[in-house]
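Working notes for the structure below.
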Amino acid sequence: MLPHLSKHLWTALIAVFLLSANGAFAQTEKLYLTDWTGGAGFTRTYQNGSEVSSFPWENNGELIISVSDGEIRQATYYNSGLASSVYDESGTLIGTGSVLNHNSNSYDGTTDGERIYLVDYRTGTVVSLDMGFANSTNLFTTSPNEVGITFDSGTGTIWTSNVNNGLVSQWDFTGGLLRQWSGSAGSASALA
C-alpha cells in the first residue's frame, strides 16, 4: 500500500511546488511537508514556493504531522511502539509524546490547537487525540481509503480526501456530510 500511496503523495508535493514556483498562488505562510520513501525521513518547510529548511525525523515513518503554536508534532503512521516527537520550528527535538496506539493506519493529521485528528486509511474512522497523540476517541466513520484530513477553523469542520475515488468531503464532528466534490482525477492524498 505504501508505494502506491507514496506515488500520490509525491505527485501532490510536486504539483504544489511547481504551482508555487510559477507564482500561480502566493504562499506566504510556512508549508510543512513530510518526505519519506523508506529509511530516514525529513520534514521540509516551504515558503513562497521555495524550501527554506528541513530536518531529519527522530523515528522512521513520522508521516503524521500537526503544526500549532510553533510546535511540529509528528507520529509514525503505523503502530511502531515509538513515542511521537515534538520539534520546534528549526527542527530541534524538544520533547516526545505518547506512543500512537489507536490501532489504525493514518497518513495525515491536523489540529484545532486543542486536539489532534487523524483518519484511519483502512476503515475511514476519524479519531481525536490529545496533543501528545494519546487518549484517542473515535468520532465517526467515513469510508475506507480516506488519507488526507484537515481542520477548517473558519467553519469548525473536518475535511477528508479519498485516495481511491478522489472525493474531498466536509464533515461536522458528528459525521454529518456537509459537502463533497471530486478533488482530482481519481486520487486525492494529503490535505491541508
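The values are calculated or read from the model by the stated rules, or taken from the named source; none is laboratory data. These figures come from a predicted structure and were not determined experimentally. For neighbour counting, all protein chains shown are included, and Cβ atoms are generated from backbone atoms with ideal geometry for every residue, glycine included.
In the set (1) touching a Lys or Arg at 6+ places or on another chain (Cβ under 8 Å); (2) outside any loop (DSSP other than H, G, I, E, B), Met131 fails one condition alone, (2).
Can you find a residue in the range 150-170 that is closer than 19 Å to Thr43 by Cα and touching a strand residue (DSSP E or B) at 6+ places or on another chain (Cβ under 7 Å)? Please lay out each step first, then the result.
Of the residues in the range 150-170, the ones closer than 19 Å to Thr43 by Cα are 150.
With the extra rule that they be touching a strand residue (DSSP E or B) at 6+ places or on another chain (Cβ under 7 Å), the set shrinks to 150.
Within the range 150-170, one or more residues are closer than 19 Å to Thr43 by Cα and touching a strand residue (DSSP E or B) at 6+ places or on another chain (Cβ under 7 Å).
Restricting the range 79-88 to residues that are modelled with pLDDT under 90 and not hydrophobic (A, V, I, L, M, F, W, C), the residue that is surrounded by the most Cβ atoms within 10 Å (Cβ to Cβ) is Ser84. For the range 47-56, the set of residues classified as in contact with a Phe, Trp or Tyr (Cβ under 7 Å, 6 or more places away or on another chain) and either in contact (Cβ under 8 Å) with a residue 60 or more places away in the chain or within 16 Å of Glu71 (Cα to Cα) (or both) consists of Ser54, Phe55, Pro56, listed by residue number. Among the residues of the range 89-123, those identified as at pLDDT 90 or above, assigned to a loop (DSSP other than H, G, I, E, B) and among the polar types (S, T, N, Q) are Ser90, Thr92, Thr123. Restricting Val147, Val163 to those that are surrounded by 18 or more Cβ atoms within 10 Å (Cβ to Cβ) and either farther than 27 Å from Val52 by Cα or modelled with pLDDT of 90 or more (or both) reduces the list to Val163.
The criterion of at least 2 residues that are more than 20 Å from Asp112 (Cβ to Cβ) and in contact with a strand residue (DSSP E or B) (Cβ under 9 Å, 6 or more places away or on another chain) is met by the following strands (runs of 3 or more DSSP E) wholly inside the range 32-88: 42-47, 50-56, 83-88.
For the range 39-56, the count of residues that are at negative phi and either at pLDDT below 75 or of a type in the set (Lys, Arg) (or both) is nonzero. Applying the selection to the range 153-163, what residues are in a strand (DSSP E or B) and either small (Gly, Ala, Ser) or under 16 Å from Ile65 (Cα atoms) (or both)? The answer is Ile158, Trp159, Thr160, Ser161.
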